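In what follows, a single structure is set out as structure tokens and then discussed.
Throughout, read-outs are computed from the coordinates displayed, never taken from laboratory work. Everything numeric in this text was worked out from a predicted model, so none of it was measured. Ideal geometry is used to build each Cβ from the backbone, glycine not excepted, and the neighbour counts take in all protein chains shown.
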There are 2 protein chains.
Amino acid sequence: MTFRYPNGKPYEPKVEQKKKQPPSITYSNRGMSLEDDLNETNKFYLENQVAVIHKKPTPVQIVNVDYPRRSAAVIKEAYFKQSSTTDYNGIYRGKYIDFEAKETKNKTSFPLQNFHAHQIEHMKNVLFQDGICFVILSAFNQFYYLDSRHLLTFWDRQLNGGRKSITIDELNESGHIIPTGYQARIDYIKIIDKLYF
Amino acid sequence: MTFRYPNGKPYEPKVEQKKKQPPSITYSNRGMSLEDDLNETNKFYLENQVAVIHKKPTPVQIVNVDYPRRSAAVIKEAYFKQSSTTDYNGIYRGKYIDFEAKETKNKTSFPLQNFHAHQIEHMKNVLFQDGICFVILSAFNQFYYLDSRHLLTFWDRQLNGGRKSITIDELNESGHIIPTGYQARIDYIKIIDKLYF
């Protein structure tokens, strides 16, 4: 049933209007996040003994905790801390796996400001120890696997006054498009298989 | 100089008395925790490019966050969650490292109730992927490195109705005493070197 304004114009609820927008490459319209997809993927890997990879908890500085009787402790005051590492790590066939996941709504390039100096430093340390280190970039309607060594090259270019982002062409050249699936939604292990085994 | 009571008995200040007690195996008397010592050790490893090993943040379920103007977000309500993994992981010379650290004040055995079924499950998963997985036990005035495979044996014995702890003799037999130092306070990498390289 269509409701109409007194002038005869049909009433369109906001929810309907949203549906008419062009499909977005962000997660906001489908109630799902890159983090959700990766958690589901990692859960599938874990349950099927493919790999053991977890997202690290969000670091929080706890200031005040209340201990009410007979019930759980309640954190009453806490603050978000900046992480000194990447968000995901674990093990696959004996090898150490370490990655960060980021997304952009940009249509032509991936901004490097998505990464922090601490994370870049951590990636360097992991590479020095011969770890498998990469980033998963949700951009241009794809999921890209980009080896951290490539990211470091783009990062250094920025530090030397170069562009502050990775272009779509650069990403297509130096990255790998991750196959998606129903169970392993962002099936990045497939890329690791191709590159390392 | 010795002060004396009127009856001739020497006065002993309380500080002196403390010194006469047997050395304590708990951290409470020296204002330092097992976690502090491990954090310092890992910091030393990181800064000297020995290994990249971090403690995971405490998992917290955030329920309510306040965003006051022009200042940092304040978490107003949150709860501690049980971790589904061990606390420490990282990489050493290409190999995945995973461990949990626990302490006891007991003088004759290490109670298995220090571990949760989730952590045991996680250790099994890591071992299946060929990771280096162990526990660091602060007990009997020592730091022990105990391979998770041994811990699993003791755990299974408990599940089958056996004793609920690891005796000091068992720990001395199946574990390795970790050397301590000024910089690498609990120098567990030395044991990994001995066992794996």
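Quick rundown of the values:
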| quantity | calculated |
| --- | --- |
| Solvent-free Debye scattering, log10 I(q)/I(0), computed from the Cα coordinates of segment A:42-85 at q = 0.16, 0.17, 0.30, 0.32 Å⁻¹ | -0.67, -0.70, -0.99, -1.06 |
| Nonlocal amide H pairs with A:Gly175, under 5 Å, H built at 1.01 Å | none |
| Using alpha carbons only: equivalent-ellipsoid semi-axes of segment A:57-107, gyration tensor based, whole Å | 33, 18, 10 |
| Other-copy label distances relative to A:Lys81, 7 angstrom Cα-Cβ extension, nm | 1.8 |
| Under-5 Å amide H pairs with A:Ala78, H placed in peptide plane, nonlocal only | A:Val63, B:Ile75 |
| Compactness of segment B:23-196 as Cα Rg over 2.2 N^0.38 Å, two decimals | 1.14 |
| Where only alpha carbons of segment A:110-197 are counted, the Rg and the Dmax (Å) | 13.3, 42 |
| Using θ = phi - 60° and Karplus 6.51 cos²θ - 1.76 cosθ + 1.60, couplings along segment B:100-108 (whole Hz; Gly, Pro as x) | 10, 10, 9, 10, 9, 9, 4, 9, 10 |
| Computed Kirkwood radius, in angstrom, where 1/r is averaged over Cα pairs of segment B:83-137 | 12.0 Å |
| Distances in nm from B:Pro179 to the matching label points in the other copies, shortest first (labels 7 Å along Cα to Cβ) | 4.9 |
| Amide H partners (placed H, <5 Å) of B:Ile166, local residues excluded | B:Phe110, B:Leu112 |
| Percentage relative contact order, segment A:23-196, counting C-alpha pairs under 8 Å, at least six apart | 20 percent |
| For A:Met32, label point 7 Å along C-beta direction: distances to other copies, nm | 5.1 |
| Segment A:116-144 and segment B:32-50: distance between their alpha carbon centers, rounded to Å | 24 Å |
